[in-house]
Amino acid sequence: MKITGYAPYANLIRLAVIVCLLIHYDNVYGLDADEDSSINYERENLKFDAIESVNGTGFTNVRQHMENSQSATLSIRKMGSGSYSSSGVSEYNSVNESEEPDDQESAISEDALFDGYPDYNLISLKSANQSAAYTRTTLSLPHQRYLNFDARWSDVTSGSSIEADTSFLDCIRYATEINKTDNLILDDSDAHFESDAKFRGTADIRYRSQISNYLERYSGTVEVSHDISSNESVSSATGLGFADIDKMISRKGVQRTYEKGSGHFTIDEIIKPENDYLAKNLTVVYLPVNLDVNAKNSLNMSAEWREGLISQEKDVGHISERFTDLKEMQKNTIIPRLVSVQTQADFSGKGEFRMSAENLTSIEEYTGNYTIRRNATIKIFPRYRKPHISVTETAHLDSIGCRIATYNITVLNDGNKEVGPIYVHDAFPAGTSFIESSVKPIAKTSRHANWSIDYLLSGESTSIELVLGIERRVEKLTNRVKATGYYLDNDNDMLSTTSHYNSSIHINPSACNYSAVSVLMRAARYTAYPSRINYSVTVQNNAASSMNLDLTCELPSGAMLLDTPEKPEKIEANNLTWSFYLGLGKRKTISYKVDAKDSGRIVSRAIFSAKSEDGKEQFAGETNITVLVQKPKDIFVERVVDDWLPGGLIELPGTIYGNTPCPCALNPNETRIAPLPIVELVHGNRGYTDELSCC
């Protein structure tokens, strides 16, 4: 920063600027406000939402810091001179304590209580269409004075979830251009980092979890995309410049992938740590590259490409690939599991392949121009020389309506002996509910389900299909499944082995065909009173504005209304109507309880009509749900022949019961079966107990 113009005031202006810089330094690196002994902050439940947009030219300096119950933190720093525009949404929820609701007589009421804190301890930041371009800018001051700002752009974002031991860093510096979109979500269980960026400068991107450690460095004109959580990493990078990437997973063994060099590059990678799965597609061409730090200085970043991978498992073996002195290379690699590699590579340089296991060593080296097709796997049967089970899961989302998620849970006995019984526990993602499963759960709540498997022999596996309904708009579904198997050791003691698996589905709301108003109707019967049904109807406003809504729920034929917590606007013989205001993005749940008089399939319907707050838009729709109510048990009535019988219980002569005709239906001393209730006719003599057949 330079000061030019009015000379007599130059020293005074310089002194004022120095004082401002010292104050800025103390704010950033010195005492924080909460270190003042006169200020006492008490942590309380807190919710914060912000929608912001900025557009302009000049000097920008942004600092944000959010900390959530000392469990998750998010820090953002941006600075530079030139043009800048940004729009974003921030959400911050912090709840000190959360008690799960007591078991209710109805699953519906339990869900209603649970959904009271849907975003417990959450930090969420979304920045859309953020762009910055570097230029030297000048600010005019009175008396023909000027402030010149000359700072290349820096954008540093960092976050961590302390409880989940997960963190990320996204640092872009010395940039003359940045176009970037972020979607960051942090809570007690994970740190989700999603970013798309195109920049001209340098970048340092890192992600770390309990079993993963990812590092990426770039210099030049680069376009990168990341969607990373502790469960899965999907990344891509393309550009002209310098790249240094190194990623490692340490779970049951070690997997590592790396590449480094300068020139043109395109790199796509997928990593699933819980599956020991890694795949990448790489194309590189060497070119010398210099990095311009500023107008006068540059760094030589030239380096021929090198690339490689490692997959090894203790007590099993080691497989590795290493390429150096690469002029160009095109490669596809998949590591489907530990000590298994599938590779196709065309390269100009040097390649080295190693594989080792007990009583096995293989080393291959090739220098020049080669095409390699390689599929190498080391297997030991069984995989574990001890009792062991593994649980995995695949997920599928109904992307048309984004209302159904299907999971296939597989339990494999990969140990050396029979294991059983095996108990499988699945914790549903937030915002979902159980619809059905291929195996009936032994226990089920609104938040999880348990299944039991009698036993699995060594090498055997079994699968359970689980179907969940997505009840509200969400951006990520994280499902957690655990399998625990029991076995007898050599001393006949009962021991256990446990396996965990987490899966995530990221939902793009723009790709889902959401309706302006979504209505979900649910029903639950009471165990003690099968004819009593508890209904709940959840209405969510997905439109672009607030609205006024009328909801009409039809009662089953002949049913009696027992209770409803919220008083209806209208109560009629066969339906109830509520009228209410629903804000943008909000939802409301109406519940009511009835006593059904009929049996069999009971169908109930909910109808809504909505009008936007300005009256320009109108919406209407309906939904229904079916409940099966069992028929009451047969009633047996014993009467004497000479007693009076209600009309309709005795049918006309000639009625056929099975294949036996009964022409003498009105004769005494016979057994008759009528529809309901069943009436048994017996002889009037108290000592006579035998029933007489028809005729």
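Scan LEU488, LEU468, LEU477 and give me the residue that is free of Cβ contacts under 8 Å to residues at least 12 places away in the same chain, assigned by TED's automatic domain parsing to the domain that holds GLY415 and in contact with a strand residue (DSSP E or B) (Cβ under 9 Å, 6 or more places away or on another chain).
Details: LEU468 fails: free of Cβ contacts under 8 Å to residues at least 12 places away in the same chain; LEU477 fails: free of Cβ contacts under 8 Å to residues at least 12 places away in the same chain.
Of the residues listed, the single one that is free of Cβ contacts under 8 Å to residues at least 12 places away in the same chain, assigned by TED's automatic domain parsing to the domain that holds GLY415 and in contact with a strand residue (DSSP E or B) (Cβ under 9 Å, 6 or more places away or on another chain) is LEU488.
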Query raised in the report: Can you tell me which residues in segment 60-73 are closer than 25 Å to ARG200 by Cα and crowded, with 18+ Cβ neighbours inside 10 Å?
Result: THR60
Query - Given (1) without any contact (Cβ under 8 Å) to a residue 12 or more places away in the chain; (2) surrounded by 13 or more Cβ atoms within 10 Å (Cβ to Cβ); (3) of a type outside the set (A, V, I, L, M), index of the condition GLU572 fails - result: (2)
Requested in this report: Among the numbered conditions (1) of a type in the set (A, V, I, L, M, F, W, C); (2) farther than 24 Å from ASN508 by Cα; (3) in contact with a Phe, Trp or Tyr (Cβ under 9 Å, 6 or more places away or on another chain), tell me where ILE205 comes up short.
Outcome: (2)
Query raised in the report: Which of the strands (runs of 3 or more DSSP E) contained wholly in segment 302-383 include at least 1 residues that are out of contact with any Leu (no Cβ under 7 Å at 6 or more places or on another chain) and surrounded by 19 or more Cβ atoms within 10 Å (Cβ to Cβ)?
Result: 305-313, 317-337, 340-357
Requested in this report: Considering each residue of segment 266-288, count those that are within 20 Å of THR202 (Cα to Cα), surrounded by fewer than 20 Cβ atoms within 10 Å (Cβ to Cβ) and among the hydrophobic types (A, V, I, L, M, F, W, C), and give that number.
Outcome: 2
**Report entry** Answer from SER195, SER225, SER140 - the residue that is buried (at least 17 other Cβ atoms within 10 Å of the Cβ) and not assigned by TED's automatic domain parsing to the domain that holds HIS500
**Finding:** SER195
**Report entry** Tabulated pairs, segment 230-244, first within 24 Å of PRO273 (Cα to Cα), second assigned to a loop (DSSP other than H, G, I, E, B), C-beta under 6 angstrom, 6+ apart or interchain
**Finding:** SER230/ASP190; SER230/SER209
Report summary line: Result of the Cβ filter at 6 Å on segment 506-535, keeping first residues that are modelled with pLDDT of 80 or more and partners that are in a helix (DSSP H, G or I), at least 6 apart or interchain, is ARG522/ILE108; ALA524/ALA107; ALA524/ILE108; ASN534/ILE108
Report summary line: Note: among GLU313, GLU364, just one is more than 40 Å from the chain's Cα centre (by Cα) and of a type in the set (D, E, K, R), namely GLU364
Query raised in the report: When residues of segment 597-626 are filtered for being buried (at least 20 other Cβ atoms within 10 Å of the Cβ), modelled with pLDDT of 85 or more and within 23 Å of PRO530 (Cβ to Cβ), how many remain?
Result: 2
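The values are calculated or read from the model by the stated rules, or taken from the named source; none is laboratory data. Keep in mind it's a predicted model, so treat the numbers as computed, not measured. Here Cβ is always computed from backbone atoms with ideal geometry, including for glycine, and neighbour counts include all displayed protein chains.
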